[in-house]
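Structure, as structure tokens:
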Number of protein chains: 2
Amino acid sequence: MAKAITGNAIVGQAGGPTAVINQTLVGVIEELQEYSHIRHLLGARHGVRGIVNEDFIDLKRQPRSMLDLVAATPGSALGATRDRPDQEYCHRIFESFRKHDIRYFFYIGGNDSAEAAQIIHSVAKNEKYDLRVIHLPKTIDNDLLANDHCPGYGSAARFVAMAFIGDNQDNRALPGVKLNILMGRDAGFITAASILARQREDDGPHLVYVPESPVLIDRFVDDIAGVCNKYGRCVVAISEGIRDDGGVLWMQKIRKGQGGAGETDNFGHIQLSGTGSLADFLADAVKEKLGETIGRVRADTYGYLQRAFPNIYSDVDAWEARLVGQMGVSYSVDAERGGSVALLRLPSTTYTAGTELVPLEAVAPPNPPKFKTLDKKYLTAKGNNIDDSFREYVRPLVGELPKVGWFEQIAVPPPEA
Amino acid sequence: MAKAITGNAIVGQAGGPTAVINQTLVGVIEELQEYSHIRHLLGARHGVRGIVNEDFIDLKRQPRSMLDLVAATPGSALGATRDRPDQEYCHRIFESFRKHDIRYFFYIGGNDSAEAAQIIHSVAKNEKYDLRVIHLPKTIDNDLLANDHCPGYGSAARFVAMAFIGDNQDNRALPGVKLNILMGRDAGFITAASILARQREDDGPHLVYVPESPVLIDRFVDDIAGVCNKYGRCVVAISEGIRDDGGVLWMQKIRKGQGGAGETDNFGHIQLSGTGSLADFLADAVKEKLGETIGRVRADTYGYLQRAFPNIYSDVDAWEARLVGQMGVSYSVDAERGGSVALLRLPSTTYTAGTELVPLEAVAPPNPPKFKTLDKKYLTAKGNNIDDSFREYVRPLVGELPKVGWFEQIAVPPPEA
């Protein structure tokens, strides 16, 4: 068992915000009050960038009332970053660590942040700098390996399920084709959660397309025509990361068609969110191929609302996000060098979650990057829907959803002669 | 005073759904139970279309428990329509009215439905058919004349204010330019409500563009550059109905640029919602003119989520929507031929609303169509923001909003030497 080292700690947030990432942050702050060997807790503004810029705030002396409010606020209260530390960047990080006697580094984020944590971890090892690196999972994409699910996912899934409950009613009122583009580059977890909106047999989403199943436009349009024949309307859930049968992102194909290569970030990912181009492309394809026969065709891209909408969060997700922060601090006392706090589902008749410290490499193995995707058993044979068994996985993470009211189909008495 | 006529009643819903349109419907159903001279209440499926198709359900014998659930459900429980009745259509409506001895017609909708109600009203007059036509206002656009505000608006405004609270936190975490396109063809009421998200001095939306003020792209980009200089980020609220200095819709100009004329509905309106093209056009303009200096540029179109999101509604709006339905039935007993139930704000130190029956023509005068727009006093001189005084108008309609938490900027102690 490793010995608790005396020194200071830093916590930072990275990547896209979520509805509950601040719960994890407040979990770290709360738990750290219990440990006297950690003298100061520095909050790094905008992740690793705040470390190199020495842009810190003191998190041990924040008023209690504000901590509760911060925990309930979506976004990243410390600010986030998408910076990917290279050799030179790491050098500056360790300069800052040495100067401030940092011995504990808590990094809240997804794959990219787990990778950044690994880089920092291995530099510490090489330089024989005694540092505990603890990665705290956060991603609405739900794609971290070694986790049953990730903090942030349940709340995004809840937003999507609720949005589809409303949108299905909207589409029922004014029938037509409605396409909704959802977040998810490589994994269809967010999109798959839309099936929770189905309460009645004819409720949408009637079709669901995820990155795990190739999407061909002709078949996509045929699928929609089939649903319209049956129900006179069609609501479709589509991941922003859908690909063709060669594995090429449709978003990339559309950009190329428009003469551009698409914007990429520091981790080499093409920009998928914050644009309506996939939605418009698919709507145009439906209009073009099905024409007037199909009625109204509309497409929405839910965009950033999915990850930072105030008051829409899952209670379970908020609780687990807090737990992950608390457990990270607790594990850091014993951990040799560090690790990632993984969320597990415990074998039980009712839903129960637990945590475990796993090696950093287990969460987001680099070269080539690996991540969790939807289990094949949830994909239907035609690749245009999600099996109902996915509900068992996702429902406990999302919580109870609003019930929809509808009139009984009571016939009016015939007119008097 | 007109005499209550014995016969049956029909209620229908038209136009885009809202979060509270079913409150109005349930208000009609509830109140009608009190009046014995109205024998049956027929619910017309999909508005006037259900009347000509005799597609009815009996609304007097619905279970009480389901009525409450329907009232709380977004969308239009009877189904809606955008059909505009012409001479021939009206002829079929009256055939159906005569057959079913309809003497009361309650039509829940916005401008277009008020116009449809007027047409039916005047045909009844010409044909000397004794009919009370009552229009019950509903529109998230809030653009009906003779009303202080319209049922549906407060809830859409609440959704938008909440969305901007979250999006402002998101943008604060990962700074850049964020453009959000909101509903509103001719009136900027929905977009203006985004200013309720401002809790701190540097909160977004930093810029607000509405149909009432002409938008020039060069100036728009300059405005954004100015905000970015000041805050390092910029959140912008933009109505889908923004126009250039010649009064031409930007959406129309974009479509023409893409070689199309744009889809129009039965009332001659070009399709603005259900597409991300305005958002993408504006984001591209910002990227092109400001380039790398400005950082991330993202654009979301909130789309249909604004009008039918479950559980996000204003309590005041829900209550008033119910009241409007109840009062419509009450007025129908006395009204000579009919009218529209207008919502008024009563002179009082605390917010108080009341209703009044106004002539149908007063709500949506045709030829040319007239509607309410934002009062000039709420538009800033530069046409790129909404004056803070608008809060007084909108806050009571929206209700209390979630508070945002943030850390105190407590500096960390200097490192020990």
Some residue of the range B:161-173 being outside any helix (DSSP H, G or I) and buried (at least 24 other Cβ atoms within 10 Å of the Cβ):
no
Do you know which residues across the range A:126-174 are of a type in the set (Asp, Glu) and touching a helix residue (DSSP H, G or I) at 6+ places or on another chain (Cβ under 8 Å)?
A:127, A:130, A:141, A:143, A:167, A:170
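Tally time: how many residues in the range B:156-199 are under 27 Å from residue B:372 (Cβ atoms) and either of a type in the set (A, V, I, L, M, F, W, C) or away from chain A (no Cβ under 11 Å) (or both)?
Restricting attention to the range B:156-199, the residues satisfying the condition of being under 27 Å from residue B:372 (Cβ atoms) are B:156-165, B:179-198.
Checking which are either of a type in the set (A, V, I, L, M, F, W, C) or away from chain A (no Cβ under 11 Å) (or both) leaves us with B:156-157, B:159-165, B:179, B:181-198.
Here the count works out to 28.
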How many residues are assigned to a helix (DSSP H, G or I) and within 14 Å of chain B (Cβ to nearest Cβ) when one looks only at the range A:120-139?
0
Run residue B:23 past the list (1) buried (at least 24 other Cβ atoms within 10 Å of the Cβ); (2) at the interface with chain A (Cβ under 9 Å from one of its Cβ atoms) and report the number of the one that doesn't hold.
(2)
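Checking the structure you have, find out if any residue of the range A:37-55 is away from chain B (no Cβ under 14 Å), closer than 26 Å to residue A:5 by Cα and not aliphatic (A, V, I, L, M). Steps first, please.
Residues of the range A:37-55 away from chain B (no Cβ under 14 Å): A:37, A:52.
Within this subset, residues satisfying the condition of being closer than 26 Å to residue A:5 by Cα are A:37, A:52.
Next, only the ones that are not aliphatic (A, V, I, L, M) stay: A:37.
Within the range A:37-55, one or more residues are away from chain B (no Cβ under 14 Å), closer than 26 Å to residue A:5 by Cα and not aliphatic (A, V, I, L, M).
Working carefully through the options A:117, A:192, A:156, find the one that is assigned to a helix (DSSP H, G or I) and touching a His at 6+ places or on another chain (Cβ under 8 Å).
On the way: A:192 fails: touching a His at 6+ places or on another chain (Cβ under 8 Å); A:156 fails: touching a His at 6+ places or on another chain (Cβ under 8 Å).
Residue meeting the stated conditions: A:117.
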Restricting to the range B:223-249, count the residues that are in a loop (DSSP other than H, G, I, E, B), exposed (fewer than 14 other Cβ atoms within 10 Å of the Cβ) and not β-branched (Val, Ile, Thr).
4
Scanning the range B:60-70 for residues that are within 7 Å of chain A (Cβ to nearest Cβ) and hydrophobic (A, V, I, L, M, F, W, C), which turns out surrounded by the fewest Cβ atoms within 10 Å (Cβ to Cβ)?
B:66
Listed by first then second residue, the pairs whose first member lies in the range A:126-147 and is more than 22 Å from residue A:334 (Cα to Cα), whose partner is of a type in the set (Val, Ile, Thr) and part of a loop (DSSP other than H, G, I, E, B), with beta carbons under 6 Å and at least 6 positions apart or on separate chains, are A:138/A:18; A:140/A:18
Check whether at least one residue in the range B:82-103 is facing another protein chain (nearest Cβ under 7 Å), in a helix (DSSP H, G or I) and within 26 Å of the chain's Cα centre (by Cα), and report yes or no.
no
Quick check on residue B:123: is it of a type outside the set (Ser, Thr, Tyr) and modelled with pLDDT under 95?
yes
Quick one: residue A:34 ticks every box in (1) in a loop (DSSP other than H, G, I, E, B); (2) within 13 Å of another protein chain (Cβ to nearest Cβ) bar one, so which box is it?
(2)
Those residues of the range A:5-20 that are assigned to a loop (DSSP other than H, G, I, E, B) and within 12 Å of chain B (Cβ to nearest Cβ) come to a total of 6
Filtered residue count, the range B:381-392, keeping only those that are out of contact with any Leu (no Cβ under 8 Å at 6 or more places or on another chain) and without any contact (Cβ under 8 Å) to a residue 24 or more places away in the chain:
3
Select, from A:185, A:200, the only residue that is more than 17 Å from the chain's Cα centre (by Cα), assigned by TED's automatic domain parsing to the domain that holds residue A:238 and of a type in the set (Lys, Arg).
A:200
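Any residue that is at pLDDT 75 or above and more than 25 Å from the chain's Cα centre (by Cα) - is there at least one of those in the range A:257-278? Give the steps one after another, and end with the answer.
Step one: filter the range A:257-278 for residues at pLDDT 75 or above, giving A:275-278.
Keeping just the survivors that are more than 25 Å from the chain's Cα centre (by Cα) gives none.
Checked the range A:257-278: no residue is at pLDDT 75 or above and more than 25 Å from the chain's Cα centre (by Cα).
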For residues that are aliphatic (A, V, I, L, M) and in a loop (DSSP other than H, G, I, E, B), scanning just the range B:174-189, find the one that is nearest to residue B:235 (Cα to Cα).
B:174
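The values are calculated or read from the model by the stated rules, or taken from the named source; none is laboratory data. Remember, predicted model here, so these are calculated numbers, not experimental data. Cβ: placed from backbone, ideal geometry, glycine included. Neighbour counts: every protein chain shown.
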